[in-house]
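J.: Before I ask anything, let me first share the structure, which is written out below as structure tokens.
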Amino acid sequence: MQLHDNPTLENDHVRLEPLSMDHADELADAVRDGELWNAWFTFVPRPEDVRAEIERRLRLHEQKSMAPWTVVDVATGRVIGMTTFMAIDAPNRHVEIGSTWLAASAQGKPINPSMKLLMLERAFEQFDCIAVEFRTHWHNRRSRAAIDGVLRSHQIMAGGQLRDTVVYSIIAAEWPTVKLGLERRLH
């Protein structure tokens, strides 16, 4: 078992299934829920680009630099988004959770914290990671609420604007407290 492996992970609210082309149509429907591609500060594929995005993530998975999942709402069985382990640095036991998006109707529900709990448990408890990192655009206020650091002028966006990237990390010593907080948030 390696950090780039992406087995099915599940709890009471969410199931993370290994990403595959079989999910393409449902993911295209999920991205239409809220027209997520219109958020200028993030990278979410247009419905017609979902297949290409799946192909990209699967190539990175083959290169062992990404573990991509499809996000499924357990209550409804509906595909509602994507997430990954990315920037995998196995020798240093470090990974980033990112390239995540959820259908608008799934946001603000227990899905995201449940998903993060599964992924953090895997990183810290199965792979003994030293640190897990999260990044987002400065203008993504919803994601930024839990993030604590800014890489200024970090990326050039498709439209030419500069992106300030907010970075958050959890280190191994903090994991028990973070886990408790996530579990309490869900119950």
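J.: Considering region 97-106 alone, what residues qualify as being free of Cβ contacts under 8 Å to residues at least 40 places away in the same chain and surrounded by fewer than 21 Cβ atoms within 10 Å (Cβ to Cβ)?
T.: G98, the sole residue that qualifies.
J.: Filter region 1-43 for residues that are acidic (D, E) and not in a helix (DSSP H, G or I); which is modelled with the lowest pLDDT?
T.: This residue is D5.
J.: Here's a follow-up. Find the residue count for region 19-44, including only residues that are surrounded by fewer than 17 Cβ atoms within 10 Å (Cβ to Cβ) and within 23 Å of S65 (Cβ to Cβ).
T.: So the answer is 4.
J.: Just need a number here: residues in region 107-118 that are out of contact with any His (no Cβ under 7 Å at 6 or more places or on another chain) and modelled with pLDDT under 95.
T.: Qualifying residue count for the region: 8.
J.: Need the failing condition index for T177 against (1) β-branched (V, I, T); (2) surrounded by 13 or more Cβ atoms within 10 Å (Cβ to Cβ); (3) at pLDDT 80 or above, just the number.
T.: Looking at each condition in turn, T177 falls short on (2).
J.: Among the residues of region 50-98, write down those that are modelled with pLDDT under 95, part of a strand (DSSP E or B) and of a type in the set (D, E, K, R).
T.: Within region 50-98, D89, E96 meet the criteria.
J.: Considering only region 123-139, state which residues are over 21 Å from P68 (Cβ atoms) and modelled with pLDDT of 80 or more.
T.: Once the filter is applied, which keeps residues that are over 21 Å from P68 (Cβ atoms) and modelled with pLDDT of 80 or more, region 123-139 yields D128, I130.
J.: Considering only residues that are of a type in the set (G, A, S) and more than 18 Å from the chain's Cα centre (by Cα), which ones fall in region 1-33?
T.: Scanning region 1-33 gives no hits.
J.: Here is a follow-up. Would you say V150 is aliphatic (A, V, I, L, M), modelled with pLDDT under 95 and surrounded by fewer than 19 Cβ atoms within 10 Å (Cβ to Cβ)?
T.: It is true that V150 is aliphatic (A, V, I, L, M), modelled with pLDDT under 95 and surrounded by fewer than 19 Cβ atoms within 10 Å (Cβ to Cβ).
The values are calculated or read from the model by the stated rules, or taken from the named source; none is laboratory data. Predicted, not measured: the structure shown is a model, and the values here were computed from it. Cβ atoms come from the backbone with ideal geometry, glycine included; neighbour counts cover every protein chain shown.
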